[in-house]
Amino acid sequence: MIAEQAVLGSMLKENYLIVESNLLASQFTDPTNRTIFQSMMELRIAGKAVDLVTLLTTYSPQDLGGANYVNDLTNYAHIDKFDDHVGVMLDIWREREKKNVLHVSMHEDWSIDRITIELAALTDHRVSDHSDIQSMLVDVYEDPFVEKDITDGAPSGIDRLDEMTNGFQDGELIVLAARPSMGKSDVMLHIAKQAGWKGYVPMIFSLEMSATSLRDRLIASTGRFSRSRMRDPYHMLTDHQKENWSKVIGLVSETKIQIFDRSRQTVPEMRMKIRKMMSEQNGLKPLILIDYLTLIHSDENKHNMHLQVSSITKELKAMAREFNCPVITLAQLSRAVEQRQDKRPMMADLRESGSIEEDADVIVFLYRDAYYSKDDADNGMELIVAKNRNGPVGTAITCYNKFTGEVLNRETSSEGVIV
């Protein structure tokens, strides 16, 4: 177990590596090395130095393999190759856990989907859903004393919305709901573009609209081209717009958006596609977007829509946690909103609202006065954050051009748009 000894030796020399490694004691194969690592963790959380003397005077040397064994660990230390040694160690751990998963699955007759999920989970450092409070406290022990970069979530490109949510967070289920033709798909594409330009890889599961339709919408909103003219760019775009065409294509390309447009997709199918893409692209930061919730196919509870939606939302929330990324799904509102004088949506307007309201971390409603007044000069759009599990609720005001699909933070000139 030379890799384990090299890891422990490096930690003895540089104590910060105990935290940086993100390792668990259970990931050490050798019982003695496991005990040494656990002892290091305990000393670190107690605010003590982790060195030879402290280890041997705080714990029984016999439990640590003896004084000579602990002392010799520093001979294996190689700080520059620390990550390589951790990698070797984790490869051994994963192989051990893989054999265990296959053994248990055979005796307990697991489904293929469960086996796949369990094996995919081994790409993470965590061996199970168990968290030791000491390990968790180590992660935050130095927070008041060492300045850290605050990591924002996936951006929406709408400043006020990002202020409320701090960006869409990993592991969260976000529901974006509105009446038909309110602009849901365009807001979804706007979020996908903004996140793509910030380094995320947006994956759109379009259960209603074709990939080519989404492509054309992306081009139109980015280039401020009227969608009606996108049907025949050769004859209908102006010379100025044609000059900008290649630049717009380049900008859309930089989003790295991936589109899966087969209808009647199930959540397990989506998971399989996400997992495959993540395995193909190391370092992938995924953002999952689904258009839309009630078009997701499920073989369960076919005759009870409420139970079916409840099952799907729970699966989507589990998917967000499994891949540690934001999952944004569009949803339709019921016709009840049309019968009120104030037609701004409320929670009760969500179709099958109980399960959606329970499972979603963030719920955002879209509302446009112009949708009802038919006033083409009114480009205001409200994004009403009705639920925000980890932050404030409120309303973000933005501008929406229904001819191009462009979403803007504030009113700007629509020069160049030909309707």
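The values are calculated or read from the model by the stated rules, or taken from the named source; none is laboratory data. Computed from a prediction, not measured in an experiment: that's the story for all the values here. Glycine also receives a Cβ, built like all others from the backbone with ideal geometry; neighbour counts cover every protein chain displayed.
Here the condition is being on the phi > 0 side of the Ramachandran plot and modelled with pLDDT under 85; of Asn324, Asn301, it holds for Asn301 alone.
Exactly one residue out of Asp129, Asp170 is modelled with pLDDT of 80 or more, outside any strand (DSSP E or B), over 30 Å from Thr404 (Cβ atoms) and under 21 Å from the mean Cα position of the chain (by Cα): that is Asp170. Residues considered: Arg231, Arg227. Of these, the only one that is outside the structural domain of Gln27 (by TED's automatic domain parsing) and out of contact with any helix residue (DSSP H, G or I) (no Cβ under 7 Å at 6 or more places or on another chain) is Arg231. Of the helices (runs of 4 or more DSSP H) lying entirely inside the range 1-104, those containing at least 1 residues that are within 22 Å of Leu137 (Cα to Cα) and either in contact with a Leu (Cβ under 6 Å, 6 or more places away or on another chain) or assigned by TED's automatic domain parsing to the domain that holds Leu119 (or both) are 2-13, 16-20, 31-45, 52-58. Any chance the range 302-322 includes a residue that's farther than 25 Å from Glu208 by Cα and either crowded, with 16+ Cβ neighbours inside 10 Å or among the small types (Gly, Ala, Ser) (or both)? For the range 302-322, residues farther than 25 Å from Glu208 by Cα and either crowded, with 16+ Cβ neighbours inside 10 Å or among the small types (Gly, Ala, Ser) (or both): present.
Of the numbered criteria (1) hydroxyl-bearing (Ser, Thr, Tyr); (2) surrounded by fewer than 18 Cβ atoms within 10 Å (Cβ to Cβ); (3) touching a helix residue (DSSP H, G or I) at 6+ places or on another chain (Cβ under 8 Å), the one Thr57 fails is (3). Those strands (runs of 3 or more DSSP E) of the range 371-419 in which at least 1 residues are of a type in the set (Ser, Thr, Tyr) and modelled with pLDDT of 85 or more, considering only elements entirely within it, cover 394-401.
If you go through the range 253-267 and keep only what is in a helix (DSSP H, G or I) and either in contact with a Pro (Cβ under 8 Å, 6 or more places away or on another chain) or surrounded by fewer than 18 Cβ atoms within 10 Å (Cβ to Cβ) (or both), you end up with just Ser253. Being free of Cβ contacts under 8 Å to residues at least 12 places away in the same chain, aliphatic (A, V, I, L, M) and over 18 Å from Ser135 (Cβ atoms) is the requirement here; does Val88 meet it? No; evaluated as a whole, the condition is false for this residue.
Restrict the check to the range 149-168 and report whether at least one residue is out of contact with any strand residue (DSSP E or B) (no Cβ under 7 Å at 6 or more places or on another chain), β-branched (Val, Ile, Thr) and either under 17 Å from Leu287 (Cβ atoms) or not assigned by TED's automatic domain parsing to the domain that holds Ala49 (or both). Yes, the range 149-168 contains at least one residue that is out of contact with any strand residue (DSSP E or B) (no Cβ under 7 Å at 6 or more places or on another chain), β-branched (Val, Ile, Thr) and either under 17 Å from Leu287 (Cβ atoms) or not assigned by TED's automatic domain parsing to the domain that holds Ala49 (or both).
Inside the range 187-201, residues that are under 22 Å from Ile296 (Cα atoms) and at pLDDT below 95 make up a count of 1. Test Leu64 against the criterion of being touching a helix residue (DSSP H, G or I) at 6+ places or on another chain (Cβ under 8 Å), within 20 Å of Thr29 (Cβ to Cβ), at pLDDT below 80 and surrounded by 17 or more Cβ atoms within 10 Å (Cβ to Cβ), and give yes or no. The answer is no for Leu64. For first residues located in the range 386-400 and assigned by TED's automatic domain parsing to the domain that holds Met182 and buried (at least 16 other Cβ atoms within 10 Å of the Cβ), partners that are among the polar types (S, T, N, Q) and at pLDDT 90 or above and lie 6+ apart or on another chain with Cβ distances below 9 Å form the pairs Asn388/Thr165; Ala396/Ser156. From the list Leu189, Leu218, Leu176, Leu214, the lone residue that is of a type in the set (A, V, I, L, M), touching a residue at least 60 places away in the same chain (Cβ under 8 Å) and in a helix (DSSP H, G or I) is Leu189.
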